[in-house]
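Single-structure report; data block below.
The values are calculated or read from the model by the stated rules, or taken from the named source; none is laboratory data. Because the structure is a prediction, the values reported are computed rather than measured. Every residue, glycine as well, gets a Cβ built from its backbone with ideal geometry; the counts of neighbours run over all protein chains shown. Just the protein is used for accessible areas: all its heavy atoms, side chains included, with ligands, DNA and RNA removed. Shrake-Rupley method; radii C 1.70, N 1.55, O 1.52, S 1.80 Å.
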Amino acid sequence: MTLPTRFPPLLTFGAFPESIAHRLGQVFQLYDPDDLNVDPALHDRIEGIVTRSNYRIPQELLERLPNLGIIATNGVGYDGIPLAYTKSRGIVVTNTPDVLNKAVAELAIGLLLAILRHLPQADQFVRTGAWQTRPFPLGTTLAGKKIGMVGFGRIGKEIAKRFAPFDVDVAYFGRTQQQVEPVYFNDLKTLASYADVLIVCCPGGPDTYQIINADILRALGPAGVLVNISRGSVINEADLCKALGDGTILGAALDVFNEEPLADSPLRRLGNVVLAPHMGSATHETRMEMAELAIQNLTRYFTYGQAVTPVTG
Ligand code: 8YV
């Protein structure tokens, strides 16, 4: 298939599922950073980067691309992009908000039920035949619990909508109070003391760096559960490991980590934690919608000089 000649070549940064890479390749000539070392002339030809929000793009790479005009990420977060530098160069940064809200919200609910009802352990209990020997341990009911949302943006609101049939009370902490039904807490520690469950769904970045620490975990308490579908940077992981190990909190379910992929972390050896590989938006439907929006951002920028969902932060 001959590619339209009107779009400049793109640099891909990060690994894409095959179906997404194929879709992007239908519209653009794609290169990866290694190609820059093979063909130095490529540096001047690259006018766009397409990436994923769970990758961190080094400024040094951007400095090698004098004609770079746009970075389009697949994902809502853009904390992995050096925004101060892109702004200084007038490089447009785009993300893919909204199209992933439902998938991420569904995973948050699934992770919460998984930790409350010990679902990973239950699967192993049956598979290994342990059921022949003893009853499975009791879990914790979700109904009647108090849910504290850390951050109440588009994803947080989708999560709260999904809690409606679960007979729980939802409250939230955030920078500002909103005209919404859930109760607002202007102090995170007070919310943690109130809640049985904390769900971390705020953006990553300097403003939320390690706001979940030993003090907050102590406030959540020994019957408390933490779910993180946001960014690993929001949690002090050493404090969390200690709190899980010494019973400061009951358990945690984590889709994101300080370092990804998670290496040889104590988290992998704790029995009261459910671990997932940063898969919040990882469904066929959602990832394709995200790719289509990233493609729209790029084609609109290259054609009209304006993107669909530019980052304004
Ligand atoms: C992306 C993410 O969804 O959207 C985000 O901010 O955290 C990521 O999970 C994913 O990398 C898209 O491929």
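Some points to look at:
- All conditions but one from (1) open to solvent by less than 60 Å² (accessible area, probe 1.4 Å); (2) within 21 Å of Ala282 (Cα to Cα) apply to Lys157; the one that does not is (1).
- Residue check, Thr286 assigned to a helix (DSSP H, G or I), under 22 Å from the mean Cα position of the chain (by Cα) and under 30 Å from Pro8 (Cα atoms): yes
- Some residue of the stretch 253-260 being of a type in the set (D, E, K, R), part of a loop (DSSP other than H, G, I, E, B) and either open to solvent by less than 40 Å² (accessible area, probe 1.4 Å) or touching a residue at least 40 places away in the same chain (Cβ under 8 Å) (or both): yes
- Yes/no for Val234 being touching a residue at least 40 places away in the same chain (Cβ under 8 Å), β-branched (Val, Ile, Thr), surrounded by 14 or more Cβ atoms within 10 Å (Cβ to Cβ) and farther than 20 Å from Leu113 by Cα: yes
- Within the stretch 206-231, restricting attention to residues that are touching an Asp or Glu at 6+ places or on another chain (Cβ under 6 Å) and over 18 Å from Ile147 (Cβ atoms), the residue that is surrounded by the fewest Cβ atoms within 10 Å (Cβ to Cβ) is Ala214.
- Breaking point among (1) in a helix (DSSP H, G or I); (2) out of contact with any strand residue (DSSP E or B) (no Cβ under 9 Å at 6 or more places or on another chain), for Thr141: (1)
- Looking across the stretch 296-305, not a single residue is open to solvent by less than 10 Å² (accessible area, probe 1.4 Å) and of a type in the set (D, E, K, R).
- Test: residue in the stretch 243-252 that is within 13 Å of the ligand (Cβ to nearest atom), among the hydrophobic types (A, V, I, L, M, F, W, C), modelled with pLDDT of 95 or more and within 30 Å of Ile20 (Cβ to Cβ): no
- Lone qualifier among Asp79, Asp123 - being open to solvent by 10 Å² or more (accessible area, probe 1.4 Å), out of contact with any strand residue (DSSP E or B) (no Cβ under 9 Å at 6 or more places or on another chain) and either closer than 14 Å to Val197 by Cα or within 15 Å of the ligand (Cβ to nearest atom) (or both): Asp79
- Of all positions in the stretch 170-187, none carries a residue that is within 22 Å of His278 (Cβ to Cβ) and open to solvent by 40 Å² or more (accessible area, probe 1.4 Å).
- Matching residues, the stretch 262-295, being open to solvent by 50 Å² or more (accessible area, probe 1.4 Å), within 16 Å of the ligand (Cβ to nearest atom) and either touching a strand residue (DSSP E or B) at 6+ places or on another chain (Cβ under 9 Å) or within 17 Å of Cys241 (Cβ to Cβ) (or both): Leu275
- Checking the stated criteria, Val227 turns out to be within 16 Å of the ligand (Cβ to nearest atom), among the β-branched types (Val, Ile, Thr) and modelled with pLDDT of 95 or more.
- For the stretch 51-66, the set of residues classified as out of contact with any His (no Cβ under 7 Å at 6 or more places or on another chain), more than 11 Å from the ligand (Cβ to nearest atom) and within 24 Å of Ala291 (Cβ to Cβ) consists of Arg56, Ile57, Pro58, Leu61, Leu62, listed by residue number.
Here is a yes/no grid of residues against (1) among the hydrophobic types (A, V, I, L, M, F, W, C); (2) away from the ligand (no atom under 13 Å from the Cβ); (3) in a helix (DSSP H, G or I); (4) closer than 29 Å to Asn228 by Cβ:
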{"residue": "Asn37", "(1), (2), (3), (4)": "no, yes, yes, no"}
{"residue": "Ile49", "(1), (2), (3), (4)": "yes, yes, no, yes"}
{"residue": "Thr73", "(1), (2), (3), (4)": "no, no, no, yes"}
{"residue": "Tyr85", "(1), (2), (3), (4)": "no, yes, yes, yes"}
{"residue": "Lys102", "(1), (2), (3), (4)": "no, no, yes, yes"}
{"residue": "Leu107", "(1), (2), (3), (4)": "yes, no, yes, yes"}
{"residue": "Leu112", "(1), (2), (3), (4)": "yes, yes, yes, yes"}
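- Here is the figure for the stretch 240-251: residues that are touching a strand residue (DSSP E or B) at 6+ places or on another chain (Cβ under 8 Å) and either over 17 Å from Asp264 (Cα atoms) or open to solvent by 30 Å² or more (accessible area, probe 1.4 Å) (or both) total 3.
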